[in-house]
Amino acid sequence: MGQPETLLLSDKDVRALLPMRECIGVMEGALRSLHDGSSVLPLRTVIRISGSPNAFATMPALVGKESGAKIITVFPGNDATPFDSHIGVVLLFDAEHGQLLAIADASSITAIRTAAISGLATRLLARADARELALLGAGVLALPHLEAVRCVRDIRRVRVWTRNPERAQAFVARARKQAEVEILVSRSAREAVEGADVVCTITAARTPVLEGAWLAPGTHVNAVGASLASARELDSAAVVRSRLYVDRRESALNEAGDFLIPRGEGALTDAHILGELGELLAGQVQGRTRPDEITLFKSLGLAVEDVAALRYIHQRARESGAGLPVALGGLRAG
């Protein structure tokens, strides 16, 4: 018997094997499994690198009977370099012998599945007639978010804002090749947000870039960029005005500065979190109740999402012959 093979899957492989529309379905399955208890998710472990805003993180999960983990470095300053802010790998192990089945690029999986979760939240919470999208941020998450929201709503116009005008123009040039919608660069975050039906905050900001006073009645917000208890993209008024939903309560109560900071100010309590997306999918909590309500999804990103994505990618790679098989060992010497 030869050594078992592990598939190495590159950024290119991931993007080819995980189309956005399919990924939204995979993410729905992952959050349903988390809600019904068939998946297991501990909190991530984050080690801060002394003297810098950088970190090393491990994110394990069981999805069904298969196990896996994402292992990454997080360097926020990479936003101004050619490097992604999140760099690492996602690992998938089989359920029978614990064999390492696949190692995949984490940057591409993170970008696609993060946007797919926002797409799922938009499908569940945004008004059905949503047509205007505002993107605060024009980095690696911008194009996937445009694609994800367009998968679930008939978006006709997009306004993008970022502190870097050159990056905004570069995003518009790329987006116009992929989406037949009107795309405009806004001079300010307020200009981008006012009148928008769906807003996605996908920045590296640690202090608010979105104010609640700017939000029109009926807006849905996906708050994505901040994933630390000490960082936020939304001011307290934006959170207080909104019906708030999360990917997972435990994660939000430990890691979501967008929620924890206004709670620390006394502006709201834990009861302000109305439910998880998995509970919405199961019909156990109510989503939007009126067209004029502001809804908010606070995304932190969960390891079950990464592992479920890689499980899907691995299955498609085996069917198509994609990836590079490598014998890493795992069998006892005979």
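Bear in mind these aren't lab numbers, they're just calculated from the coordinates by the rules spelled out. Bear in mind that the values here come from a model prediction, so they are computed numbers and not experimental data. When we count neighbours, we look across all protein chains shown, and the Cβ atoms used for this are built from the backbone with ideal geometry, even at glycine.
Among the residues of segment 230-254, how many are under 18 Å from SER118 (Cα atoms) and acidic (Asp, Glu)?
Summing the residues that are under 18 Å from SER118 (Cα atoms) and acidic (Asp, Glu) in segment 230-254 gives 2.
Could you identify the single residue in VAL158, VAL152 that is surrounded by 14 or more Cβ atoms within 10 Å (Cβ to Cβ), on the phi < 0 side of the Ramachandran plot, β-branched (Val, Ile, Thr) and in contact with an Asp or Glu (Cβ under 9 Å, 6 or more places away or on another chain)? If you could, list the steps in order and put the result at the bottom.
Values: VAL152 fails: in contact with an Asp or Glu (Cβ under 9 Å, 6 or more places away or on another chain).
Step by step, each of VAL158, VAL152 is checked, and only VAL158 is surrounded by 14 or more Cβ atoms within 10 Å (Cβ to Cβ), on the phi < 0 side of the Ramachandran plot, β-branched (Val, Ile, Thr) and in contact with an Asp or Glu (Cβ under 9 Å, 6 or more places away or on another chain).
Kindly indicate whether HIS97 is outside any strand (DSSP E or B) and under 22 Å from GLU250 (Cα atoms).
Working: outside any strand (DSSP E or B): yes; under 22 Å from GLU250 (Cα atoms): no.
For HIS97, the condition - outside any strand (DSSP E or B) and under 22 Å from GLU250 (Cα atoms) - is not met.
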Q: Could you tell me which numbered condition GLY119 fails, if it satisfies all but one of (1) touching a residue at least 60 places away in the same chain (Cβ under 8 Å); (2) over 15 Å from the mean Cα position of the chain (by Cα)?
A: (2)
Q. If you take the residues in segment 1-55 that are of a type in the set (D, E, K, R), assigned to a helix (DSSP H, G or I) and within 20 Å of the chain's Cα centre (by Cα), which one is farthest from LEU143 (Cα to Cα)?
A. ARG32
